[in-house]
Amino acid sequence: MSTEKKLYTVQAGYTVRAGGKNYSGGAGDASNVQLSDADAKRLMDDGRIVPAGKGAKPAAVDATNVLEGTVSDVTAALDTMNADQLKQLAKDEKAGKARVGVLDAIESALARTEA
């Protein structure tokens, strides 16, 4: 097994942890991560990553799953959502943890989609 690390792109709606950092899909350059073959195989089998340059596909975002993440995870996933998804996400967050940082980020993303 090779110890060389290769570059992969994290799919939209997912976050992976490598080298002590989180990499979220749909976050531009932050969605690229270098991984060993063993880590890459596991994450590719789960559909979380694709080889860099292969064109990450937009993922259908499960709002419930997104809200289980940290504020950073949620914020990174917002650019993959449409206005209806963002409105539902805001409603779910208000009924749940009601994190100010998440609600502010959703409001900003919603304003961008409606501009």
Q) Regarding T75, is this residue modelled with pLDDT under 90 and closer than 24 Å to N22 by Cβ? A) yes
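For the condition modelled with pLDDT of 75 or more and in contact with a strand residue (DSSP E or B) (Cβ under 7 Å, 6 or more places away or on another chain), what is the one hit in N82, N22?
Numbers: N82 fails: in contact with a strand residue (DSSP E or B) (Cβ under 7 Å, 6 or more places away or on another chain).
Answer to the check: N22.
The values are calculated or read from the model by the stated rules, or taken from the named source; none is laboratory data. Note that this is a predicted model, so its numbers are computed, not measured. Counting neighbours? That spans all protein chains shown, and the Cβs are built from the backbone with ideal geometry, glycine included.
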